[in-house]
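A.B. asks: Here it is, the structure in full.
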Amino acid sequence: MAEKITNEFLLEQAGEYGTPLYVYHGEKIKEQYEKLSSAFSALDTKFFYASKALTNINILRYIKNLGCNVDCSSSNEVKLALHAGFEPERVLYTSNGISFAEIEEAAAAGVHINIDSLSNLEKFGKKYGHTYPVGIRIRPNIMAGGNIKISTGHNTSKFGIPVHQIEDIERLMKETNICIHALHIHTGSDIKDPDIFVKGIEVLFELIPHFPDLKVIDLGGGFKVPYKPGEDEVNMPLLARRIKETFVSDFQTQNRNLSLWFEPGKFLVSECGYLLATVTVLKDTGEITFAAVNSGLNHLIRPMMYDAYHHLENISNPKGVKKNYWVTGNICETDNFAAGRTLNEIREGDILAIYNGGAYGFEMASNYNSRYKPAEVLVENGIARLIRRRDNFEDLIRNQAELI
Ligand code: PLP
């Protein structure tokens, strides 16, 4: 197990680099990757890190060096992955709602592609025919995931080609001779129940006979990680066992030799990250004590966007008397990090650590209220290095034309 980063170490980083600051713990990413690869070692499995969770180039390279591949959600993520040194065959582009030109760009780079609409599938088939094996994203009509905003496989979701349109897919295969080598699903995020993955395999199982060139079943990402203290992550050995049983009994009976791909995002990087923020104002209103910090939904939007729970600690006063607080940001919006949370006594100037900051934290950050995006630090073998400097005023005005 990766040695836990201590409060003292986090405080040192806040002192060295200032706050707000994202700190990522490399060995925690490694620990998570090893859990995955050892659980699935008995199957022909490949993992593609869903880089949308966190794309700092150093994180991409760290993950590449672990032996993991990379999944991308835009042609710029593909460019970042190639820039980080991934060979094209280790890059997967799972597109949705994009112009065909972006798919052509990905094909020119030679990466794996998952297509999620009949419209782009037809264009792809017409242009590449049988010459470029491609995957298709299927919408399996399965409701899964921590909440509706992160559920992507249900019957009103925009993602994927609905499973009932199989005849249209077949028609395009006949008309264009397209080579479909992968079937992909991703039903949502924060999934703990192995049965969801089993259900997904069963939906795909029905489709297999329609795809003579099939080599890959891609089950996407979505593995649950703990956000609250005491919460469990997905039981990876159990999940792997259940998937293996279903995979072997369903697919091998069809005499098909298929590889299994996954696209873990949160599972690899959520817990490695901490957002450190300094308490700027304490406001006791009688009923509520607000502790405002020098950060906000501009740096970590998950609590406000998904009602996500992020564990918080006052690392400056870990023995302080427990009191109840609403921890807010300094943005001109309601931007709670926590509403009604018991924490060690908070004083102005204290540093709070916000946990699970690695996935969809910095990556979804913005310059809202013309605030700077935080700096990022990567810790490897106890040594912290700056992997992105904090924004400065130049960054705010760089792309603006000053015409007036
Ligand atoms: N794959 C696809 C296609 C996704 O859209 C996502 C996230 O939304 C992921 C993988 C990663 O999901 P998670 O971070 O929950 O593992």
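The values are calculated or read from the model by the stated rules, or taken from the named source; none is laboratory data. Quick caveat, the model's predicted, so the values are computed rather than measured. Cβ: placed from backbone, ideal geometry, glycine included. Neighbour counts: every protein chain shown. To get the accessible areas, we keep the full protein, side chains included, count just its heavy atoms, and leave off ligands, DNA and RNA. Shrake-Rupley method; radii C 1.70, N 1.55, O 1.52, S 1.80 Å.
A.B. asks: Quick one: which strands (runs of 3 or more DSSP E) sit completely within segment 237-341 and have at least 1 residues that are small (Gly, Ala, Ser) and modelled with pLDDT of 95 or more?
C.D. replies: Numbers: elements: 259-262, 273-284, 289-293, 312-314, 322-328.
Strands (runs of 3 or more DSSP E) meeting the threshold: 273-284, 289-293.
Each row is one residue, and each column tells you yes or no for (1) farther than 25 Å from residue 30 by Cβ; (2) assigned by TED's automatic domain parsing to the domain that holds residue 186; (3) touching a Phe, Trp or Tyr at 6+ places or on another chain (Cβ under 9 Å).
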site	(1), (2), (3)
238	no, yes, no
241	no, yes, no
259	no, yes, no
278	yes, no, no
286	yes, no, no
301	yes, no, yes
316	yes, no, no
323	yes, no, no
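A.B. asks: Just checking, how many residues over segment 113-150 are open to solvent by 10 Å² or more (accessible area, probe 1.4 Å), within 16 Å of the ligand (Cβ to nearest atom) and small (Gly, Ala, Ser)?
C.D. replies: Residues flagged as open to solvent by 10 Å² or more (accessible area, probe 1.4 Å), within 16 Å of the ligand (Cβ to nearest atom) and small (Gly, Ala, Ser) within segment 113-150 amount to 3.
A.B. asks: Further, regarding this structure: Tell me which residues, restricted to segment 22-74, are of a type in the set (Val, Ile, Thr) and within 30 Å of residue 250 (Cα to Cα). Please lay out each step first, then the result.
C.D. replies: Taking segment 22-74 as the starting set, the residues that turn out to be of a type in the set (Val, Ile, Thr) are 23, 29, 45, 55, 57, 59, 63, 70.
Selection gives 45, 70.
A.B. asks: Residue 102 - would you say it is open to solvent by less than 60 Å² (accessible area, probe 1.4 Å), closer than 29 Å to residue 269 by Cα and away from the ligand (no atom under 12 Å from the Cβ)? Steps first, answer last, please.
C.D. replies: Values: open to solvent by less than 60 Å² (accessible area, probe 1.4 Å): yes; closer than 29 Å to residue 269 by Cα: yes; away from the ligand (no atom under 12 Å from the Cβ): yes.
So residue 102 passes the test.
A.B. asks: Quick check on this structure: which one of 358, 273, 340 is open to solvent by 10 Å² or more (accessible area, probe 1.4 Å) and in contact with a strand residue (DSSP E or B) (Cβ under 8 Å, 6 or more places away or on another chain)? Can you show your working first?
C.D. replies: Numbers: 358 fails: open to solvent by 10 Å² or more (accessible area, probe 1.4 Å); 273 fails: open to solvent by 10 Å² or more (accessible area, probe 1.4 Å).
Result: 340 is the single residue among 358, 273, 340 that is open to solvent by 10 Å² or more (accessible area, probe 1.4 Å) and in contact with a strand residue (DSSP E or B) (Cβ under 8 Å, 6 or more places away or on another chain).
A.B. asks: Here's another thing I want to ask about it. Of all the residues that make up segment 85-100, how many are among the aliphatic types (A, V, I, L, M) and either outside the structural domain of residue 219 (by TED's automatic domain parsing) or in a loop (DSSP other than H, G, I, E, B) (or both)?
C.D. replies: Of segment 85-100, the ones among the aliphatic types (A, V, I, L, M) are 91-92, 98.
Imposing the further condition that a residue be either outside the structural domain of residue 219 (by TED's automatic domain parsing) or in a loop (DSSP other than H, G, I, E, B) (or both) reduces the set to 98.
Residues that pass the stated criteria total 1.
A.B. asks: Determine whether residue 159 is of a type in the set (Phe, Trp, Tyr), under 30 Å from residue 226 (Cβ atoms) and in contact with a strand residue (DSSP E or B) (Cβ under 9 Å, 6 or more places away or on another chain). Don't jump to the end; show me each part of the working.
C.D. replies: Details: of a type in the set (Phe, Trp, Tyr): yes; under 30 Å from residue 226 (Cβ atoms): yes; in contact with a strand residue (DSSP E or B) (Cβ under 9 Å, 6 or more places away or on another chain): yes.
In short, yes.
A.B. asks: Among the residues of segment 26-51, how many are out of contact with any Cys (no Cβ under 7 Å at 6 or more places or on another chain), within 22 Å of residue 247 (Cα to Cα) and in a helix (DSSP H, G or I)?
C.D. replies: Residues that pass the stated criteria total 6.
A.B. asks: Continuing with this model, one more query. Enumerate the helices (runs of 4 or more DSSP H) found wholly within segment 105-210, keeping only those where 2 or more residues are within 20 Å of the chain's Cα centre (by Cα).
C.D. replies: Working: elements: 118-128, 166-176, 194-207.
Helices (runs of 4 or more DSSP H) meeting the threshold: 194-207.
A.B. asks: It is to be established whether one or more residues within segment 63-72 are assigned to a loop (DSSP other than H, G, I, E, B), modelled with pLDDT under 95 and more than 16 Å from the ligand (Cβ to nearest atom).
C.D. replies: Looking only at segment 63-72, we keep the residues that are assigned to a loop (DSSP other than H, G, I, E, B), and these are 66-68.
Those still in the list that are modelled with pLDDT under 95 too: none.
Checked against the condition, which is being assigned to a loop (DSSP other than H, G, I, E, B), modelled with pLDDT under 95 and more than 16 Å from the ligand (Cβ to nearest atom), segment 63-72 yields no hits at all.
A.B. asks: Next up: Hey, residue 330 hits all of (1) more than 16 Å from the ligand (Cβ to nearest atom); (2) buried (at least 19 other Cβ atoms within 10 Å of the Cβ) but one; which does it fall short on?
C.D. replies: (2)
A.B. asks: A further question follows. In segment 58-71, what residues are closer than 16 Å to residue 362 by Cβ and open to solvent by 50 Å² or more (accessible area, probe 1.4 Å)?
C.D. replies: So the first thing to find is which residues in segment 58-71 are closer than 16 Å to residue 362 by Cβ, and the list is 58-60, 62-63.
The answer is 58, and nothing else.
A.B. asks: I've got another one for you. Hey, does segment 72-91 have a residue that's open to solvent by less than 30 Å² (accessible area, probe 1.4 Å) and under 22 Å from residue 204 (Cα atoms)?
C.D. replies: There is no residue in segment 72-91 that is open to solvent by less than 30 Å² (accessible area, probe 1.4 Å) and under 22 Å from residue 204 (Cα atoms).
A.B. asks: Return the pair list, or none, for Cβ contacts closer than 7 Å from residues in segment 345-360 that are of a type in the set (Ser, Thr, Tyr) to residues that are in a loop (DSSP other than H, G, I, E, B) and away from the ligand (no atom under 16 Å from the Cβ), at least 6 apart or on different chains.
C.D. replies: That search, which allows pairs on different chains as well, returns 355/311.
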